Amino acid sequence: MPFWRNIYGWCLFLSLSTSSLRPSLSGLSLRDVLIQPERRTSIEPDVRSRTMGVADTTGEQPFDRAQELKRFEESKLGVKGLVDSGLTSLPPLFIHPPETRSDLKPARPTPGSIPTIDLSGCDSARRPSVVEEVGRAARELGFFQVVNHGVPAEVLDSTIAAVKAFHEQPMEAKARIYRRDMETGVSFFSNVDLFHSKAASWRDTLQIRLGPKLADVEEIPEVCRNEVLEWNQQVQRLGGLLLGLLSEGLGLSPGKLQELTCLEMRVMVGHYYPYCPQPDLTVGLTSHTDPGVITLLLQDQVGGLQVKHGDEWVDVAPVPGALVVNIGDILQIMSNDEYKSVDHRVLANPSQEPRVSIAVFCNPSNREKEFGPFPELVSSDKPPAFREFTFKEYMRRFFTKELDGKSLINFFRA
Ligand code: OGA
Ligand code: NI
């Protein structure tokens, strides 16, 4: 069977990257996983030997990254499992290189820099001004928050609570679905790019395929099943509304993006960022852009998400009741560079309170169609900034590399 037949979105990566590494189910004990890092007296020599290719001067064995990755993966514990074991320093696997560590600070408070847009009345008299605000945020920042979006506050709270409850179940319940293939449409894992990245990040993820074919309902963990199904409904309604506003913001008909199937392939990730004992040495999620059309993000009140604006990292401070919306690479391409897909990251969580966030990535379901800048947005003054490509080609490139910034979108530049 061709590999894309039963795999969607992020899931393509998961199957490609780990099919040869998928662990046998040889349950390693927690002690096995932790013993190596715990024996170390200092982390700095590890960082040096790994990032600079020099030998460890303490006389210890050089850090065997591949072996530690394998142990971590086979334990199926995720990062939360490590934290629950009482660990007080980071396993070397998670220590990021100095370039990443040097600017890991909460941003200076810059109130109002990520706009919060009120969607009330956007189907009536206020529509032109809402379209204007959405279009401006998409052009200037690539990120905005929305309030009065029509999703009841109880639904926001119960969705967060359900994903949190999933991650806080006994380890065995989660280990049963620890996997990187998406045949059933449901998986739990730590670090989508674990086997591609230079260093691992401090978070675990529950991933569920919402569309075009919903995951097997029985496979969706019972602790969050009803909430996930409800969230899928809400995202479809609100996603349609937002795609309409974003289409109009480009001067196109409101139905344009939805006609191109841009809301049909939906993948949900329920992230859990546990307390991190050394948040200066790692991140919660490395800087990246989202590959798809738009992402709808529900975050709790803990904070840590940052967006790159120029050379500065700007906090996306939690706003009670709000949802975060961001532009993905495909929409930047279709808009012929008008809308911006920007780098964002999550700091490792320094608070005892775990952070929970739920992102739904909306992608085109038509993988064979050629995508490129809308002809309406191309002129002699504004030649096409990107060549055409199929979504299939696009995702193949995305899922065989580390999560990073603009390397993918630049590959398709004209
Ligand atoms: C993502 C993402 C942000 C967050 O999953 O792509 O950017 O706050 N998540 O978890
Ligand atoms: Ni993202």
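The values are calculated or read from the model by the stated rules, or taken from the named source; none is laboratory data. What you see is a predicted model; the values in this text were computed from it and never measured. We place every Cβ from the backbone using ideal geometry, glycine too, and count neighbours over all the protein chains shown.
Before we move on, is F166 closer than 30 Å to L90 by Cβ and either surrounded by fewer than 21 Cβ atoms within 10 Å (Cβ to Cβ) or not assigned by TED's automatic domain parsing to the domain that holds R345 (or both)?
No; evaluated as a whole, the condition is false for this residue.
If you check G304 against the conditions, is it surrounded by 15 or more Cβ atoms within 10 Å (Cβ to Cβ) and on the phi > 0 side of the Ramachandran plot?
Working: surrounded by 15 or more Cβ atoms within 10 Å (Cβ to Cβ): yes; on the phi > 0 side of the Ramachandran plot: yes.
It is true that G304 is surrounded by 15 or more Cβ atoms within 10 Å (Cβ to Cβ) and on the phi > 0 side of the Ramachandran plot.
Test L298 against the stated conditions and say whether it is at pLDDT 95 or above, within 13 Å of ligand 1 (Cβ to nearest atom) and not polar (S, T, N, Q). Give the steps one after another, and end with the answer.
Numbers: at pLDDT 95 or above: yes; within 13 Å of ligand 1 (Cβ to nearest atom): yes; not polar (S, T, N, Q): yes.
Considered against the rule, which asks whether it is at pLDDT 95 or above, within 13 Å of ligand 1 (Cβ to nearest atom) and not polar (S, T, N, Q), L298 comes out as yes.
How many residues are part of a loop (DSSP other than H, G, I, E, B) and either farther than 25 Å from Q236 by Cα or in contact with a Phe, Trp or Tyr (Cβ under 9 Å, 6 or more places away or on another chain) (or both) if we restrict to segment 359-393?
Here is the first cut: in segment 359-393, the ones part of a loop (DSSP other than H, G, I, E, B) are 364-369, 372-374, 378-385, 387-388.
Now narrow it down to the ones that are either farther than 25 Å from Q236 by Cα or in contact with a Phe, Trp or Tyr (Cβ under 9 Å, 6 or more places away or on another chain) (or both): 364-369, 372-373, 378-385, 387-388.
Residues meeting the conditions: 18.
Look at S341 and say whether it is under 26 Å from W231 (Cα atoms) and crowded, with 22+ Cβ neighbours inside 10 Å. Explain how you work it out, then say what you get.
Values: under 26 Å from W231 (Cα atoms): yes; crowded, with 22+ Cβ neighbours inside 10 Å: yes.
Against the criterion (under 26 Å from W231 (Cα atoms) and crowded, with 22+ Cβ neighbours inside 10 Å), S341 qualifies.
Being at pLDDT 95 or above, buried (at least 18 other Cβ atoms within 10 Å of the Cβ), touching a Ser or Thr at 6+ places or on another chain (Cβ under 7 Å) and more than 28 Å from L90 (Cβ to Cβ) is the requirement here; does G185 meet it?
Criteria not met by G185.
With respect to I358, is the statement that it is buried (at least 22 other Cβ atoms within 10 Å of the Cβ), within 21 Å of L210 (Cβ to Cβ) and either basic (K, R) or in contact with a Leu (Cβ under 6 Å, 6 or more places away or on another chain) (or both) true? Don't jump to the end; show me each part of the working.
On the way: buried (at least 22 other Cβ atoms within 10 Å of the Cβ): yes; within 21 Å of L210 (Cβ to Cβ): yes; either basic (K, R) or in contact with a Leu (Cβ under 6 Å, 6 or more places away or on another chain) (or both): yes.
Answer is yes for this residue.
Restricting to segment 354-392, give me the number of residues that are charged (D, E, K, R) and farther than 25 Å from L296 by Cβ.
Of the residues in segment 354-392, 7 are charged (D, E, K, R) and farther than 25 Å from L296 by Cβ.
Here are some residues: G239, G244. Which one is buried (at least 18 other Cβ atoms within 10 Å of the Cβ), within 16 Å of ligand 1 (Cβ to nearest atom) and under 19 Å from D329 (Cα atoms)? Even if it seems obvious, please write down each step before you answer.
On the way: G244 fails: within 16 Å of ligand 1 (Cβ to nearest atom).
Matching residue, one of G239, G244: G239.
Scan segment 139-147 and tell me whether some residue there is at positive phi, in contact with a strand residue (DSSP E or B) (Cβ under 6 Å, 6 or more places away or on another chain), touching a residue at least 60 places away in the same chain (Cβ under 8 Å) and part of a loop (DSSP other than H, G, I, E, B).
Pass one, segment 139-147, residues at positive phi: 142.
Next, from what is left, pick out any that are in contact with a strand residue (DSSP E or B) (Cβ under 6 Å, 6 or more places away or on another chain): 142.
Applying the additional criterion that residues be touching a residue at least 60 places away in the same chain (Cβ under 8 Å) yields 142.
With the extra rule that they be part of a loop (DSSP other than H, G, I, E, B), the set shrinks to 142.
So far as segment 139-147 goes, yes, one or more of its residues are at positive phi, in contact with a strand residue (DSSP E or B) (Cβ under 6 Å, 6 or more places away or on another chain), touching a residue at least 60 places away in the same chain (Cβ under 8 Å) and part of a loop (DSSP other than H, G, I, E, B).
Is there a residue being more than 10 Å from ligand 2 (Cβ to nearest atom) and touching a Cys at 6+ places or on another chain (Cβ under 6 Å) anywhere in segment 274-296?
For segment 274-296, residues more than 10 Å from ligand 2 (Cβ to nearest atom) and touching a Cys at 6+ places or on another chain (Cβ under 6 Å): present.
Just give me the residues in segment 309-329 being of a type outside the set (A, V, I, L, M), touching a residue at least 60 places away in the same chain (Cβ under 8 Å) and within 16 Å of ligand 2 (Cβ to nearest atom), in sequence order.
Our first condition is that a residue be of a type outside the set (A, V, I, L, M); within segment 309-329, this holds for 309-313, 315, 318, 320-321, 326, 328-329.
With touching a residue at least 60 places away in the same chain (Cβ under 8 Å) added as a condition, the list becomes 309, 312-313, 315, 321, 326, 329.
Residues satisfying the conditions are H309, W313, D315, N326, D329.
From the set of residues in segment 330-362 that are under 15 Å from P106 (Cβ atoms) and not aliphatic (A, V, I, L, M), which is nearest to ligand 2 (Cβ to nearest atom)? Quick ask: steps written out before the conclusion?
First pass over segment 330-362, keeping only residues under 15 Å from P106 (Cβ atoms): 344-351, 355.
Add one more test, that the residue is not aliphatic (A, V, I, L, M), and what stays is 344-345, 349-351, 355.
Working: H344: 6, R345: 8, N349: 16, P350: 21, S351: 21, R355: 14 Å.
If we take residues in segment 330-362 being under 15 Å from P106 (Cβ atoms) and not aliphatic (A, V, I, L, M), then H344 is nearest to ligand 2 (Cβ to nearest atom).
For the subset of segment 265-274 comprising residues that are assigned to a strand (DSSP E or B) and not charged (D, E, K, R), which member is farthest from ligand 1 (Cβ to nearest atom)?
We begin by selecting, within segment 265-274, every residue assigned to a strand (DSSP E or B); these are 265-273.
Next, from what is left, pick out any that are not charged (D, E, K, R): 265, 267-273.
Details: M265: 15, V267: 10, M268: 10, V269: 5, G270: 9, H271: 5, Y272: 10, Y273: 7 Å.
By that ranking, first place goes to M265.
Being within 23 Å of N336 (Cβ to Cβ) and of a type in the set (A, V, I, L, M, F, W, C) narrows it down to one of L238, L245, so name that one.
Values: L238 fails: within 23 Å of N336 (Cβ to Cβ).
Only one candidate qualifies: L245.
If H288 satisfies all but one of (1) modelled with pLDDT of 95 or more; (2) within 16 Å of ligand 1 (Cβ to nearest atom); (3) within 26 Å of Y178 (Cα to Cα), what's the number of the condition it fails?
Condition not satisfied by H288: (1).
For segment 324-336, which positions are touching a helix residue (DSSP H, G or I) at 6+ places or on another chain (Cβ under 9 Å) and farther than 12 Å from D290 by Cα?
Those that are touching a helix residue (DSSP H, G or I) at 6+ places or on another chain (Cβ under 9 Å) and farther than 12 Å from D290 by Cα: I333, M334, S335, N336.
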